[in-house]
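The values are calculated or read from the model by the stated rules, or taken from the named source; none is laboratory data. Here the structure is a predicted model, which means the values were calculated and not measured. Cβ sites come from the backbone with ideal geometry, for glycine too, and all protein chains shown count toward neighbours.
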Amino acid sequence: MKIYTASNRTSFSGNTETGFTMLEILIAISIFAIIVTTVFGSHNYVLSSAGNIEKDIELYQMAKNCINRIAFDLKSLHISLTPEYTPPDSDDTPDSFKIEGDIADTGGESFARLKFASRAHVSLEKNFKEGIARIVYYVQASDENGFVLRRSDRLYPYEEFEEKKSDPVLCEGIKSLTFTFYDQEENESEIWDSDSVDFNYATPRTIKIRLEIGDDLNFVPFETMVILPVFREKIE
């Protein structure tokens, strides 16, 4: 027969067997709860981080493809060179192959827009026509994705530019888009018009493209410089 106390168990033979008090059990349960909470918290954090990493990769790939497309089109640039090109009079029609960069407002925000002629025409029709295309990169408001970057591609004869829902979307979730133009002396400008006396009828020598996609909490900035393969010098 054995007699039990709160802190030990004593037998008639004189042996003492140590047990667990209620306090010790509560402490053990508390430690176990802390460990479990920490493990599950770390697990949720890893899953959340994995989701963010996957989203960042998608944004990175989309921005990279977009930047590469713009750069490729610019490297296939076509312009009018002197002496064939002469500064236009007020009654002359604008140069079909001019480079024009401006700022356009859409959806309450301002984004850069770029127009130029390029041999990198992409046919969306079954006849696969080729030629020098008038390409326009512009941002448009979208109900689902905030702002999207579209690429207009029209063969000659060039119509007056008009935004169309049928123009392909290159990037979604546009946060900002800027083009910076550099002349031969590396002077920079946020706008350009190679058919204007303000720029001495020259084309830019280099164009910097800066694109941000995402939102205020999670966005990917991309930037690259494109040295144009051909350019027209200033006409004084």
Practice problem: Please indicate, with yes or no, whether at least one residue in the stretch 195-202 is part of a strand (DSSP E or B), over 23 Å from the mean Cα position of the chain (by Cα), at pLDDT 95 or above and not β-branched (Val, Ile, Thr). | Solution: no
Quiz item: Which of (1) surrounded by fewer than 13 Cβ atoms within 10 Å (Cβ to Cβ); (2) of a type in the set (Val, Ile, Thr); (3) more than 19 Å from Trp192 (Cα to Cα) is the odd one out, the single condition Thr106 does not satisfy?
Solution: (1)
Exercise. Can you tell me which residue within the stretch 158-181, out of those that are touching a residue at least 60 places away in the same chain (Cβ under 8 Å) and assigned to a loop (DSSP other than H, G, I, E, B), is surrounded by the fewest Cβ atoms within 10 Å (Cβ to Cβ)?
Key: Tyr158
Quiz item: In the stretch 167-194, what count of residues is obtained for those that are under 21 Å from the mean Cα position of the chain (by Cα) and either under 20 Å from Arg150 (Cβ atoms) or not charged (D, E, K, R) (or both)?
Solution: 16
Self-check item: Some residue of the stretch 115-138 being free of Cβ contacts under 8 Å to residues at least 24 places away in the same chain and touching a strand residue (DSSP E or B) at 6+ places or on another chain (Cβ under 8 Å)
Solution: yes
Self-check item: In the stretch 109-133, residue farthest from Phe181 (Cα to Cα) [restricted to those that are aromatic (Phe, Trp, Tyr) and modelled with pLDDT of 95 or more]
Solution: Phe111
Quiz item: Any idea which residue in the stretch 79-108 is modelled with the lowest pLDDT, counting only those that are of a type in the set (Ser, Thr, Tyr) and part of a loop (DSSP other than H, G, I, E, B)?
Solution: Ser90
